[in-house]
Amino acid sequence: MTVPTAADVAQLEMLSAAVNDDFIVTEVIRPAAVLPELAARSILAELALRDVRAEGHWLADPSTWQRYDRPWDGADGVAGSALLIGELQVAYGTPTRYDVTVFRVTIARQGTAAGWTVARLCDEAFGFGGLTLDSCPRAALNAPPQPFRLR
């Protein structure tokens, strides 16, 4: 049995997305966008005010911020006819305690069809904190460690 390489895993993920017809564009943000504390607090407050269950377009949880095309209208508080536009994958408390790091953005097939891009989705969310993807501070990229060598 062989161990799959990173390229193999990437191809399997792309195949899975194509088969499931879920997402069409995924972009890893490098270096990652770091939302400073004040901007992060403003963004989180605005996302909560614009929750899909309260006539908004956003659903935010500790790992993902999702943008829908309309508020949820399904029975028992589910999406119903609302379609996912895209999502931002986030990590709270990194690189410092109150920062939020955005490291991956995915646009769903229906989002791409409606003209959404990675930059547009980020700019809408970051705009609640007075930032854009281009103006957002970025994580420091450290040099990779030296490879381990046997003597």
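The values are calculated or read from the model by the stated rules, or taken from the named source; none is laboratory data. Everything quoted here is computed from the prediction, not taken from an experiment. Note: ideal-geometry Cβ built from the backbone for every residue, glycine included; neighbour counts use all protein chains shown.
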Only residues in the stretch 111-136 that are more than 15 Å from residue 66 (Cβ to Cβ) count as the first member; pair them with residues that are surrounded by 13 or more Cβ atoms within 10 Å (Cβ to Cβ) and modelled with pLDDT under 95, Cβ under 7 angstrom, at least 6 apart or cross-chain, and list the lot. 112/24; 112/25
Might you let me know whether the stretch 73-82 holds any residue that is touching a residue at least 12 places away in the same chain (Cβ under 8 Å) and of a type outside the set (Gly, Ala, Ser)? no
